[in-house]
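The block underneath contains the structure these notes are about, expressed in structure tokens.
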Amino acid sequence: MRIYLETMGCQMNRLDSELLTGVLRAAGHEMVADPRQAEVLLYNTCSVRQHAEDKVHSRLGPDLRRKADSHRPILVGVLGCMAQRLGSLLPARYTGLDLVAGPGQLAHIPAMIAQAAAGKPAFALDGADCAEDFDAIDLARDASFAPQRSQAFVRITRGCNKRCAYCVVPAVRGPEVSRRPEHIVEEVRRLIDAGRSQITLLGQTVNSYRWAEAGRTVRFSDLLAMVSGVPGLRRLRFVTSHPIDFGDDVLAAMRDLPNVCPYIHLPAQSGSDAVLKRMDRRYTRSQYDELVDRCRRIVPGVVLAGDFIVGFPGETDADQAASAELIRHSAYKNCFVFKYSPREGTAAAQMPDDVSPTVKRQRNHELLAVQREVGLAHHAGYVGRELEVLTEGPSRRVDKQARLPQPGRMQLVGRTVGDHIVVFDGPIDLAGQYVRVRITGATSLTLFGQRCDD
Ligand code: 5AD
Ligand code: SF4
């Protein structure tokens, strides 16, 4: 059948969609980019903020109306986190919905489509028993299928044990389970053999990875050493990290293993001790500050990125000022700032959502403005330097293309080891290749430069 699959949410969801695409193709289905051409519409959904769920609701109504009006049958399915969170509420609200599947059920989607096509709606949520074969879909991966030419994500953990007061993830993705290290190494090996040279290890909190079996314990730092040894692996990255699990062993591995990139996405969420405590983040402001200092001391040239939530219950102007100050102290390359969104069933949902939408918006703008300054200073520090860039492809800033001099050349975009975005001119066939670029300019989010051998 012709299938349209749309992905919302985080990188974990994008990886899930990539793996699911492989499974669907292997089952003989065809993926299409235009929903109007599709016989099956699938949404791989996110629940982390209400906004993400609202987007899906806004699709399902029209899709199901179209299905009811249409002469040819269409199947509509909700997959992933929102499916798991809302469960049977979805078919109760949406008559005609054909498929509801939790994030651990993706290997079963072809069978569920077959069932739904036979006229019987298919419904499968993750249960307590799904941990056992949770990496079946990862192991079955078709390494030659590459949405990105030179980079791939590899899951190392699934779920989360942290229980931050605002977060719905532990409820929808379940408790944290680590994959067997040999499975991870083997998957990386296959991806490298298929032409990839950059691997990003993925987990909700990658640095709490732990595999223990028969007297053997593999920590995250040990896993980094194992994976970094795969021949042909040029860049090894990982996201996301939780500040409390960042031991010196991980920082030493980053310093000592030449292909591990000096980049850490280290969500702080708030700079205020009072808010951090209510969020149940398990660290204080000064512990986070010390960690940032430790990262900078041990890993030369380390680049940090952050996440913040504004408008958490009870957040005052003084708490907000503390977050702004933390952004300055951490000197992040970039920072994601989210307006607090109460999630049913979380500890924070019991607290009054007492910061008004207007104040949340103001605080959001304020932190982004501080980050713009900090980001500009960070990026400006690279002007004049020569950096290695993995070319991704044409820059989306196509407006500038018209002004480029020679035919066959265009504005390209790539990334440094520190995850900086670099825009430079060159021939399109550089996509997927490593080039050296001299940096000539910077904005708060982007570096601009010229290829050294140009
Ligand atoms: N409201 C707003 N932002 C949230 N995040 C997680 N849960 C919520 C919520 N309920 C943010 C955090 C996290 C990122 C993925 O999303 O900053 O790091
Ligand atoms: Fe990813 Fe969390 Fe959103 Fe699920 S709820 S898609 S795990 S961010």
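Checked against the criterion of being within 17 Å of V423 (Cβ to Cβ), modelled with pLDDT of 95 or more and in a loop (DSSP other than H, G, I, E, B), the range 323-334 contains one or more residues that satisfy it.
Could you tell me which residue of the range 10-34 is farthest from the chain's Cα centre (by Cα), considering only residues that are within 16 Å of ligand 2 (Cβ to nearest atom) and open to solvent by 50 Å² or more (accessible area, probe 1.4 Å)? Walk me through how you get there before you give the answer.
Going through the range 10-34, the residues within 16 Å of ligand 2 (Cβ to nearest atom) turn out to be 10-20.
From what is left, the residues that are open to solvent by 50 Å² or more (accessible area, probe 1.4 Å) are 10-11, 14.
Working: C10: 4, Q11: 3, R14: 7 Å.
Residue satisfying both the conditions and the ranking: R14.
Of all residues in the range 45-76, those satisfying the criterion of being closer than 18 Å to Y4 by Cβ, open to solvent by less than 20 Å² (accessible area, probe 1.4 Å) and within 16 Å of ligand 2 (Cβ to nearest atom) are T45, C46, V56. Residues that are within 16 Å of ligand 1 (Cβ to nearest atom), open to solvent by 10 Å² or more (accessible area, probe 1.4 Å) and of a type in the set (V, I, T) occur in the range 240-249; there is at least one. The requirement of being away from ligand 1 (no atom under 16 Å from the Cβ), touching a Leu at 6+ places or on another chain (Cβ under 7 Å), over 15 Å from V355 (Cβ atoms) and outside the structural domain of L445 (by TED's automatic domain parsing) is fulfilled nowhere in the range 303-320; no residue meets it.
When the range 382-410 is limited to residues that are more than 18 Å from I199 (Cα to Cα) and modelled with pLDDT of 95 or more, the one that is most open to solvent (accessible area, probe 1.4 Å) turns out to be R385. The condition of being outside any helix (DSSP H, G or I), buried (at least 17 other Cβ atoms within 10 Å of the Cβ), at pLDDT 95 or above and in the same structural domain as E176 (by TED's automatic domain parsing) does not hold for R281.
So, D126, is that one in a loop (DSSP other than H, G, I, E, B), within 24 Å of A27 (Cα to Cα) and open to solvent by 40 Å² or more (accessible area, probe 1.4 Å) or not?
Against the criterion (in a loop (DSSP other than H, G, I, E, B), within 24 Å of A27 (Cα to Cα) and open to solvent by 40 Å² or more (accessible area, probe 1.4 Å)), D126 does not qualify.
Determine the pairs where a residue that is outside any strand (DSSP E or B), located within the range 289-318, has a partner that is of a type in the set (S, T, Y) and open to solvent by less than 10 Å² (accessible area, probe 1.4 Å) with Cβ atoms under 6 Å apart, the partner being 6 or more residues away or on another chain. Between residues of the range 289-318 that are outside any strand (DSSP E or B) and residues that are of a type in the set (S, T, Y) and open to solvent by less than 10 Å² (accessible area, probe 1.4 Å), the close pairs are V292/S330. Among the residues making up the range 165-206, those that are within 16 Å of ligand 1 (Cβ to nearest atom), farther than 23 Å from P262 by Cα and assigned to a loop (DSSP other than H, G, I, E, B) are A165, Y166, C167, V168, E176. Here A146 meets each of (1) surrounded by fewer than 17 Cβ atoms within 10 Å (Cβ to Cβ); (2) within 30 Å of E53 (Cβ to Cβ); (3) of a type in the set (A, V, I, L, M, F, W, C) with one exception, condition (2). Across the range 241-262, a minimum of one residue is classified as touching a Ser or Thr at 6+ places or on another chain (Cβ under 6 Å) and within 16 Å of ligand 2 (Cβ to nearest atom).
Restricting attention to the range 161-187, and to residues there that are farther than 26 Å from C81 by Cβ and open to solvent by less than 30 Å² (accessible area, probe 1.4 Å), which single residue is nearest to ligand 2 (Cβ to nearest atom)? Spell out the reasoning first.
As a first pass, look at the range 161-187 and keep what is farther than 26 Å from C81 by Cβ: 181-182, 185-186.
Those left that are additionally open to solvent by less than 30 Å² (accessible area, probe 1.4 Å): 181, 185.
Numbers: P181: 23, V185: 24 Å.
The residue in question is P181.
Restricting attention to the range 77-98, the residues that are in a loop (DSSP other than H, G, I, E, B) and within 13 Å of ligand 2 (Cβ to nearest atom) total 0.
Return yes when T205 is at pLDDT 95 or above, surrounded by fewer than 18 Cβ atoms within 10 Å (Cβ to Cβ), closer than 22 Å to E176 by Cα and not assigned by TED's automatic domain parsing to the domain that holds G311 and no when it is not. It is false that T205 is at pLDDT 95 or above, surrounded by fewer than 18 Cβ atoms within 10 Å (Cβ to Cβ), closer than 22 Å to E176 by Cα and not assigned by TED's automatic domain parsing to the domain that holds G311.
Among the residues in the range 27-48, are any assigned to a helix (DSSP H, G or I), of a type outside the set (F, W, Y) and closer than 22 Å to P170 by Cα?
At the first step, the residues of the range 27-48 found to be assigned to a helix (DSSP H, G or I) are 35-37.
Of the ones still in play, those that are also of a type outside the set (F, W, Y) are 35-37.
In the following step, the residues that additionally are closer than 22 Å to P170 by Cα were identified as none.
No, the range 27-48 contains no residue that is assigned to a helix (DSSP H, G or I), of a type outside the set (F, W, Y) and closer than 22 Å to P170 by Cα.
Is one or more of the residues making up the range 264-271 within 16 Å of ligand 2 (Cβ to nearest atom), in a loop (DSSP other than H, G, I, E, B) and either within 30 Å of P352 (Cα to Cα) or among the aliphatic types (A, V, I, L, M) (or both)?
Taking the range 264-271 as the starting set, the residues that turn out to be within 16 Å of ligand 2 (Cβ to nearest atom) are 265, 267, 269.
Pick out the ones that are also in a loop (DSSP other than H, G, I, E, B) and you get 267.
From what is left, the residues that are either within 30 Å of P352 (Cα to Cα) or among the aliphatic types (A, V, I, L, M) (or both) are 267.
There is at least one residue in the range 264-271 that is within 16 Å of ligand 2 (Cβ to nearest atom), in a loop (DSSP other than H, G, I, E, B) and either within 30 Å of P352 (Cα to Cα) or among the aliphatic types (A, V, I, L, M) (or both).
The values are calculated or read from the model by the stated rules, or taken from the named source; none is laboratory data. Being a predicted model, the structure only gives us computed values, none of them experimental. Virtual Cβ from ideal backbone geometry, glycine too; neighbours counted across all protein chains shown. To get the accessible areas, we keep the full protein, side chains included, count just its heavy atoms, and leave off ligands, DNA and RNA. Shrake-Rupley method; radii C 1.70, N 1.55, O 1.52, S 1.80 Å.
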